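Q: What follows is a structure written as structure tokens; I'll ask about it next.
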Amino acid sequence: MTWVTAAVMRALVLTLFWIALAGWSADYAVYGVISVALATAMSLALLPPHPPTPRTWLRRAVGTLSLLGWFLWQSARGGVDVALRALKPTVDADPQVVVAPLELPPGAARQVALILMNLMPGSMVQRMITEDGEPAHGPGHSPTHVELHTLSLSLGPAEQWRELQHRTRHAVDPDPGLRTVNTP
């Protein structure tokens, strides 16, 4: 019953989100149904439902709202920064690759953080690497760091990544006992 309730609630929220973005138009109804169904399935795969206690639910809701607000602010700020750089007579870009620690354990929180980092303008996760700096592909190659590609070091990609992981941890699993991969 938990899965059904979670699927219905998530589909309802995503439907309202779709309507807020695209409006109530029959022209887009098919796209909306498909988008909502796929987004609901993806959310269930990334964040499997389990019966939360009211305290956990409240902490997760606060964490999610905090993450959403921070993400929207960072996206807007990054978008303006990138636009201003592009509008200058000589493009103000000094692409760099920054290595930053991967603090989230494998699972939903890590996947959400990786996706959100790639959606924010100015920086993106290039790849996950091991302690030795080798690409983390396949079994036995556990990632401990990420390589962040950024337009400029002034964007603070490592700090942004650290804050994103912190906020994602509290949104996805608000249990303060959630372990981390690395501890500084």
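The values are calculated or read from the model by the stated rules, or taken from the named source; none is laboratory data. On a predicted model such as this, the values are computed, not experimentally measured, just so you know. Here the Cβ positions follow ideal geometry from the backbone for every residue, glycine too, while neighbour counts run over all protein chains shown. Just the protein is used for accessible areas: all its heavy atoms, side chains included, with ligands, DNA and RNA removed. Shrake-Rupley method; radii C 1.70, N 1.55, O 1.52, S 1.80 Å.
Q: Scan 43, 123, 75 and give me the residue that is within 16 Å of the chain's Cα centre (by Cα), closer than 15 Å to residue 165 by Cα and of a type in the set (Gly, Ala, Ser).
A: 123
Q: Identify all residues within the stretch 20-30 that are aliphatic (A, V, I, L, M) and either over 25 Å from residue 172 (Cα atoms) or modelled with pLDDT of 90 or more (or both); write none if there are none.
A: Of everything in the stretch 20-30, those that are aliphatic (A, V, I, L, M) and either over 25 Å from residue 172 (Cα atoms) or modelled with pLDDT of 90 or more (or both) turn out to be 22, 26, 29, 30.
Q: Mind counting the residues in the stretch 83-97 that are of a type in the set (A, V, I, L, M), in contact (Cβ under 8 Å) with a residue 24 or more places away in the chain and over 24 Å from residue 166 (Cβ atoms)?
A: Our first condition is that a residue be of a type in the set (A, V, I, L, M); within the stretch 83-97, this holds for 83-84, 86-87, 91, 93, 97.
Next, only the ones that are in contact (Cβ under 8 Å) with a residue 24 or more places away in the chain stay: 93, 97.
This time we only want the ones that are over 24 Å from residue 166 (Cβ atoms), so: 93.
Matching residues across the stretch 83-97 total 1.
Q: Something else about it: Among the residues of the stretch 95-105, count how many are farther than 13 Å from residue 142 by Cα and surrounded by 11 or more Cβ atoms within 10 Å (Cβ to Cβ).
A: 5
Q: Please state which one of 109, 100, 11, 20 is more than 30 Å from residue 156 (Cβ to Cβ) and in contact (Cβ under 8 Å) with a residue 12 or more places away in the chain.
A: Answer to the check: 11.
Q: For residues in the stretch 146-171 being over 12 Å from the mean Cα position of the chain (by Cα) and of a type in the set (Ser, Thr, Tyr), which is surrounded by the most Cβ atoms within 10 Å (Cβ to Cβ)?
A: Looking at the filtered set, the residue picked out is 150.
Q: Listed residues 4, 8, 62, 33; which is assigned to a helix (DSSP H, G or I), within 20 Å of residue 172 (Cβ to Cβ) and aliphatic (A, V, I, L, M)?
A: Numbers: 4 fails: within 20 Å of residue 172 (Cβ to Cβ); 8 fails: within 20 Å of residue 172 (Cβ to Cβ); 33 fails: within 20 Å of residue 172 (Cβ to Cβ).
Only one candidate qualifies: 62.
Q: Determine whether residue 93 is assigned to a loop (DSSP other than H, G, I, E, B), aliphatic (A, V, I, L, M) and in contact with a Ser or Thr (Cβ under 8 Å, 6 or more places away or on another chain).
A: Yes, satisfied.
Q: Show the residue pairs meeting these rules: Cβ distance below 6 Å; 6+ apart or different chains; first residue within the stretch 137-159 and among the acidic types (Asp, Glu); second residue open to solvent by 50 Å² or more (accessible area, probe 1.4 Å).
A: 147/97; 147/99; 147/126; 147/127
Q: Restricting the search to the stretch 138-156, which residues are hydrophobic (A, V, I, L, M, F, W, C) and either under 13 Å from residue 104 (Cβ atoms) or part of a loop (DSSP other than H, G, I, E, B) (or both)? Give the steps one after another, and end with the answer.
A: Step one: filter the stretch 138-156 for residues hydrophobic (A, V, I, L, M, F, W, C), giving 146, 148, 151, 153, 155.
146, 151 - these are the residues of the stretch 138-156 that are hydrophobic (A, V, I, L, M, F, W, C) and either under 13 Å from residue 104 (Cβ atoms) or part of a loop (DSSP other than H, G, I, E, B) (or both).
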